[in-house]
Amino acid sequence: MNSISNINYLPIPIVIIDLQSDEALSNLAFNEAFGFSVANLKALNKRLAQAIVPEYPLENNGYNTINNQNNEFVSVIIASNITDHHKAILSLQIIEPDFKFFFKNKSCVKLFSNIPLGIIIKHLDTDETLFVSDYLISKIEYSFEEIAKNPWRVFTYKEDIALQETMMNKKLKNGMNAVFFDKRIISKSGKIFWFSEYIRTFEHLGEQYQIIALRDVSNEKEIETELQRSKQIVEDAERLKSAFLDNMPHEIRTPLHAITGFTSLLADPDLSNEERIEYVKFIQDSSNDILNLMDNIIEIAKLETNQIKPKREKCYVNSIIDKAYSDIVAKQNILEKEHLEVKAFKDNPDPMFTVVSDPERIHQILSHLLNNALKFTEIGSIEFGYQVANNNQIDFFVKDTGIGISPEERKIIFKKFGKSGNINTNKNRGSGLGLTLSKKLIELLNGQINLESEKGKGSTFTFRIPIDNEQKITITRPSVSGDINWKSKTILIVEDTDSNYFFIEAFLERTHANLIWAHNGFEAISMFNENKVDLILMDIMMPEMDGYEATKQIREINSTVPIIAQTALALPDDEEKCYESGCNYVLVKPISSEDLIATVKRFLP
Ligand code: ADP
């Protein structure tokens with residue numbers, strides 16, 4: 001505090017405050033003007049102390065009143081400066097006795113010119129603007145006259161006018177001396193500044209005055225907005241990321257994590273060559289998993305949206321089998337499972353034997369079933385091949401002596417991402433999409449997949465597909481001609497596959513029958529209970545509850561309603577099972593419109 005000697009004899013009242021120790025010193029001019037000296041912050045006049053309180057930064061500079069030793073108010077202008085050494089230097093200009101005169105007198109207001117603050121002082125009783133600081137004039141580019149003759153809110157940026165008014169009303173309503181808020185001001189040339197505005201009314205010798213003090217906070221606001229924008233970007237990205245991750249199947253996250261994890265491990269300079277090769281292999285395997293997964297997801301999506309049309313062309317069945325055989329033997333070697341016996345069966349050994357269907361799809365389905373067989377079989381054999389069921393259908397099969405599939409697992413494996421619980425080894429990695437895709441492809445070919453399996457003994461997947469639809473249609477039941485009107489009849493269609501239902505719906509459209517749709521056995525029973533149903537078309541292979549079970553349960557409630565099963569007859573005793581469970585008739589898929597209507601006609605009461 002020894003710097004006081006430098007300022008002691010200056011003619012302006014000055015106070016220096018050490019903001020760390022709260023010690024304060026006033027110079028002689030101060031002591032003379034106010035009749036007391038200042039030793040610490042507490043001893044300082046309360047108003048003056050407030051002038052350096054950070055919450056009121058605008059009061060650091062500007063108009064204030066100070067009580068002198070006789071407890072009279074002395075009006076002062078304070079210019080404050082906080083130094084690097086945490087000292088507040090307050091220099092005070094006493095503006096007694098004629099306040100109005102003071103602000104009209106150019107030489108008197110010079111002190112204000114150096115303060116980097118916008119200041120407006122108004123005499124409220126006459127609404128006269130006494131003073132506008134040069135700083136404000138140069139900043140907002142309006143002259144003293146322009147600022148003086150307009151209400152201050154005219155210069156306020158239009159989106160902030162409401163705020164300004166709210167604050168002024170609040171001040172008025174609550175009888176507050178001062179309000180303090182941030183707002184934008186627009187300059188004459190259209191520049192927008194953020195100002196921290198402080199408006200205060202005060203009394204001086206019985207008259208009302210207002211001081212508006214403005215501090216330019218545009219830079220701070222810009223930083224604040226920038227920070228907020230960055231925060232928002234980060235938050236948005238974070239939200240998107242977690243929504244994406246939440247929706248992303250575990251199957252994709254696992255290889256992704258492996259890729260990111262091993263990639264960062266690769267950066268370690270101390271890795272041995274073997275480790276590096278091993279990590280790269282992990283990354284390659286995981287990348288392939290993701291690629292396969294994506295391919296499958298895209299293909300399933302295309303099938304679900306009917307974007308894939310099956311081809312109908314000559315298929316050289318034996319060459320499909322030969323290709324599948326050589327592929328699987330090659331994989332067998334890679335997986336070091338040469339000990340497994342792989343056998344291929346050809347019902348018709350003639351190399352020129354052909355059927356009409358989609359050869360690419362048949363190959364795709366067979367190779368997927370074969371890959372699974374290889375994946376899940378450690379000892380024994382894999383047999384696959386085909387059998388021509390009749391002139392119109394062909395059965396393909398893939399049989400293994402592997403781990404088998406339990407009835408519980410069977411419920412999930414045809415669903416997307418459905419895998420049995422105990423196969424999470426690296427060797428048996430898979431997405432759980434292959435069977436979903438295969439089933440959908442078989443349905444695309446108008447066929448049906450079937451599975452027979454016993455846990456621990458092995459599995460047999462079969463799929464039967466029609467090989468020449470046109471021929472099939474010619475072997476029909478009595479054709480139906482003329483108008484049919486089943487307006488008063490309700491037919492319950494039990495079908496889990498949307499496209500199959502839409503076929504039936506299209507076939508029955510001309511009959512005007514009232515159609516209701518159940519997606520599985522459970523729904524079929526409750527819909528049967530809730531509606532007066534005249535006939536049921538029952539699909540057999542369905543999730544949750546299949547057609548056999550649903551038929552049995554409906555028969556317990558009703559023994560007469562005609563139930564017509566529709567099935568691909570994947571196995572020889574399927575037809576018998578339909579009748580055993582209580583169906584009146586079995587329609588073999590693919591069903592033609594003529595077949596369907598003729599059959600329904602026979603059974604409708
Ligand atoms: P993934 O790509 O995981 O093999 P799939 O849809 O092809 O997916 O198979 C789903 C699940 O069905 C497998 O994870 C496995 O649990 C079971 N599975 C499929 N084929 C066989 C099989 N031949 N033997 C035993 N389990 C099998």
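Residues that are of a type in the set (S, T, Y) and under 25 Å from G456 (Cβ atoms): list the strands (runs of 3 or more DSSP E) wholly contained in segment 292-400 that include at least 1 such residues.
So the answer is 381-390.
When the residues of segment 371-388 are filtered to those that are within 8 Å of the ligand (Cβ to nearest atom) and over 36 Å from the mean Cα position of the chain (by Cα), which remaining residue is surrounded by the most Cβ atoms within 10 Å (Cβ to Cβ)?
Restricting to residues being within 8 Å of the ligand (Cβ to nearest atom) and over 36 Å from the mean Cα position of the chain (by Cα), the top hit is A373.
What number goes with the only condition from (1) among the hydrophobic types (A, V, I, L, M, F, W, C); (2) closer than 14 Å to L596 by Cα; (3) modelled with pLDDT of 85 or more that A518 does not pass?
Of (1) among the hydrophobic types (A, V, I, L, M, F, W, C); (2) closer than 14 Å to L596 by Cα; (3) modelled with pLDDT of 85 or more, only one is false for A518: (2).
Among all residue pairs at least 6 apart or on different chains, which show Cβ distances below 8 Å where the first residue, located in segment 397-411, is touching a residue at least 24 places away in the same chain (Cβ under 8 Å) and the second is near the ligand (Cβ under 6 Å from one of its atoms) and of a type in the set (F, W, Y)?
D400/F376; G402/F376; I403/F376
Give segment 395-413 a look and list any residue that's under 15 Å from A373 (Cβ atoms), more than 6 Å from the ligand (Cβ to nearest atom) and among the charged types (D, E, K, R), or say none.
K399 - this is the single residue of segment 395-413 that is under 15 Å from A373 (Cβ atoms), more than 6 Å from the ligand (Cβ to nearest atom) and among the charged types (D, E, K, R).
When only residues in segment 328-370 that are surrounded by 19 or more Cβ atoms within 10 Å (Cβ to Cβ), β-branched (V, I, T) and more than 16 Å from the ligand (Cβ to nearest atom) count, which is farthest from N296 (Cα to Cα)?
Across segment 328-370, the extreme among qualifying residues is V355.
Considering each of E575, E594 in turn, give the residue that is more than 24 Å from A513 (Cβ to Cβ) and either surrounded by 15 or more Cβ atoms within 10 Å (Cβ to Cβ) or touching a helix residue (DSSP H, G or I) at 6+ places or on another chain (Cβ under 8 Å) (or both).
E575
With of a type in the set (V, I, T) and at pLDDT below 80 as the only criterion, which of I412, I449, I465, I423 stands out?
None of the others qualify; the one that does is I423.
Could you tell me whether any residue of segment 132-144 is in a strand (DSSP E or B) and of a type outside the set (S, T, Y)?
yes
Please indicate, with yes or no, whether at least one residue in segment 23-37 is surrounded by fewer than 18 Cβ atoms within 10 Å (Cβ to Cβ), modelled with pLDDT of 75 or more, under 59 Å from the mean Cα position of the chain (by Cα) and farther than 18 Å from L117 by Cα.
yes
Do the conditions hold for T460, that is, is it modelled with pLDDT of 90 or more, within 16 Å of the ligand (Cβ to nearest atom) and either among the β-branched types (V, I, T) or buried (at least 18 other Cβ atoms within 10 Å of the Cβ) (or both)?
yes
The values are calculated or read from the model by the stated rules, or taken from the named source; none is laboratory data. On a predicted model such as this, the values are computed, not experimentally measured, just so you know. Note that we place each Cβ from the backbone using ideal geometry, even for glycine, and neighbour counts take in every protein chain shown.
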